[in-house]
1. Quick one: Val227 ticks every box in (1) surrounded by 15 or more Cβ atoms within 10 Å (Cβ to Cβ); (2) of a type in the set (A, V, I, L, M, F, W, C); (3) at pLDDT 80 or above except a single one, so which number is it?
2. Can you pull out the residues in region 299-349 that are assigned to a loop (DSSP other than H, G, I, E, B) and touching a residue at least 24 places away in the same chain (Cβ under 8 Å)?
3. Output the residues belonging to region 502-551 that are modelled with pLDDT of 90 or more and assigned to a loop (DSSP other than H, G, I, E, B).
4. Tell me, yes or no, whether region 482-495 has at least one residue that is in contact with a Gly (Cβ under 8 Å, 6 or more places away or on another chain), without any contact (Cβ under 8 Å) to a residue 24 or more places away in the chain, in a helix (DSSP H, G or I) and farther than 22 Å from Arg8 by Cα.
5. If we scan region 386-403, do we find a residue that is in a helix (DSSP H, G or I) and surrounded by 13 or more Cβ atoms within 10 Å (Cβ to Cβ)?
6. Within region 80-113, take every residue that is of a type outside the set (Asp, Glu), assigned to a loop (DSSP other than H, G, I, E, B) and out of contact with any strand residue (DSSP E or B) (no Cβ under 6 Å at 6 or more places or on another chain) and give me the one that is farthest from Leu2 (Cα to Cα).
7. Just one of (1) outside any strand (DSSP E or B); (2) small (Gly, Ala, Ser); (3) over 21 Å from Phe505 (Cα atoms) trips up Ala62, so point out which.
8. Evaluate the following for Leu77: is it within 28 Å of Glu14 (Cα to Cα) and either part of a strand (DSSP E or B) or touching a strand residue (DSSP E or B) at 6+ places or on another chain (Cβ under 6 Å) (or both)?
Amino acid sequence: MLEYLRIRDLALIEDMELDFAPGLNALTGETGAGKSFILKALNFLIGDRLTADMVRPGKEKAHVEALFALPDGDMVLRRELTADTGRSRLFINDRLSSQDAVRDMRASLVVHTSQHGQQKLLQPAFQVRLLDEFLNRPDLLAARDDALKSLREVAAKREELAARARSLEDRRDVLEFQQREIDKVAPEAGEEDRLEERRRALRDVASAQQAQERALAVLRGEDGPGVAEALGLLERALDGLARLHGPTAGDSAGAAPNAQPNWSDDVAAISAFRQGLSDLERRLRRRPAPAASDGDDDMDVESIEKRLYELAQLKRKLRRTLDEIVDLRREIKENLSFLDACRLDLRTLEREEEALKEQLCALLAQLNPARHEAAARLAQALEGELAGLGFSEHVRVAFDFAPHEPWPGCVEDRARLMWVPNPGQPPQPLDRIASGGELSRFLLAVVGLMARDETATLIFDEVDSGVGGLTLNRVSDRLAALAGRRQVILITHWPQLAARAGRHFQVSKEVADNATFTLCRRLDGEDIRKELARMAGGGGQGEAMARELIS
């Protein structure tokens with residue numbers, strides 16, 4: 001039961017408090033005063049969304065809080081809506097909680113029925129849910145839903161597997177051709193870079209060997225007189241000159257221009273240079289030729305060139321880089337292996353799908369007769385409720401069942417609500433013959449039957465739309481009967497209904513200091529009489545009706 005509701009800084013509401021009582025609570029007021037918005041705030045508290053523009057202008061947050069009296073103790077719900085971000089936070093007994101938590105409790109807290117519920121009542125899907133709720137076999141319905149969900153998942157997996165197999169089967173020839181071409185060459189990841197590096201190393205070694213051999217050939221004079229031999233001849237010739245022309249005074253500074261040079265220094269220089277060349281030749285002979293330090297020792301430049309050519313041909317043929325070809329080889333292998341294995345996987349999924357289909361059909365074989373039996377009981381109960389709401393004693397309610405296949409080969413009986421308001425007419429759907437007033441009373445009958453949780457507060461938002469005359473008394477009696485065993489909150493424009501309330505609230509809209517406010521105050525005594533007179537049209541006639549209703 002909802003005992004207390006407080007709304008602050010939400011839309012036109014600055015600060016509003018409502019203390020609800022057990023039994024029937026009425027909210028009345030002019031159209032547009034904000035009655036329905038009070039219920040919108042309550043729905044926000046128990047899970048609905050509101051946008052940031054619902055926060056009162058100039059305020060940082062809107063607050064809605066409520067106290068519910070439950071069988072296992074009181075519970076306080078509080079929810080805040082932030083103006084800047086539009087985000088909200090929910091607290092259960094002052095502890096931060098999730099929206100899912102309060103949504104799970106919603107059915108045990110509030111059953112909200114508005115005039116828009118009439119349209120929902122006309123929807124075939126709602127009529128199916130209505131019967132299933134009255135069936136009271138949640139285990140059977142849950143098993144049906146689980147089997148159908150599993151069946152769809154297995155079928156989707158099988159179809160996905162089959163589609164992939166079909167796609168690969170169409171490309172099998174191409175895949176096998178690519179595999180053969182790749183296997184001929186058998187490339188390895190990074191092989192091209194390694195070969196080019198090895199080729200550069202071998203070429204550097206060959207160049208070094210050639211330079212060493214050319215240097216030795218020059219020193220040895222293999223293609224003519226060697227450098228050492230020529231220097232020896234030069235040394236001997238200069239030595240002869242040195243012996244013929246020994247040192248003279250002309251060697252010193254200031255010697256005569258025609259004096260003979262001293263050839264001995266030249267002979268010594270050439271001798272030293274020739275000795276250096278001899279050392280060079282010995283070092284060249286002793287030092288081995290450079291060799292490549294890495295790669296395959298058995299691959300020469302020609303073999304490497306041949307291998308690089310093969311790789312280049314493969315890249316051109318497949319129009320991919322070498323690394324992409326290596327990946328393609330692995331992918332082809334996986335795809336061909338998948339094609340070989342998927343037949344077994346498909347057979348396994350087909351067997352699983354068939355088993356789930358048999359399970360679903362077996363569950364529907366239990367559900368269908370249970371629905372028929374529940375439909376008969378629900379129709380009889382609705383007829384009793386409708387008779388108490390001003391319908392003819394001859395009104396009849398029935399459910400028409402049509403076969404429906406939630407899965408091929410599995411037949412489920414889907415119910416559609418039918419009724420006969422007058423004798424002699426065939427059953428017809430509600431949307432073809434029911435007026436607005438009839439739908440309102442029909443909805444009231446349905447809610448009275450289906451709201452089984454006696455702790456939940458029943459909220460009726462103008463469900464008396466389209467009802468008038470003596471029928472209002474029947475609706476009033478029905479609401480009073482409901483309020484006798486549980487809490488009811490009623491928004492109405494009819495004084496005949498409001499007069500039955502144990503607690504009466506008036507909602508009004510006022511303007512002060514260029515600002516608009518929605519206000520709500522509890523009425524007592526004379527204030528109730530004035531409000532009922534206003535609702536009855538005012539004047540002497542309204543006053544007379546108000547006095548009669550109160551008496």
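1. (3)
2. Met299, Asp300
3. Gly502, Asp524 - these are the residues of region 502-551 that are modelled with pLDDT of 90 or more and assigned to a loop (DSSP other than H, G, I, E, B).
4. Scanning region 482-495 turns up no residue that is in contact with a Gly (Cβ under 8 Å, 6 or more places away or on another chain), without any contact (Cβ under 8 Å) to a residue 24 or more places away in the chain, in a helix (DSSP H, G or I) and farther than 22 Å from Arg8 by Cα.
5. Yes, the conditions are met somewhere in region 386-403.
6. Thr85
7. (1)
8. It is true that Leu77 is within 28 Å of Glu14 (Cα to Cα) and either part of a strand (DSSP E or B) or touching a strand residue (DSSP E or B) at 6+ places or on another chain (Cβ under 6 Å) (or both).
The values are calculated or read from the model by the stated rules, or taken from the named source; none is laboratory data. All values derive from a computational prediction rather than experimental measurement. Neighbour counts run over all protein chains shown; Cβ positions are idealised from the backbone, glycine included.
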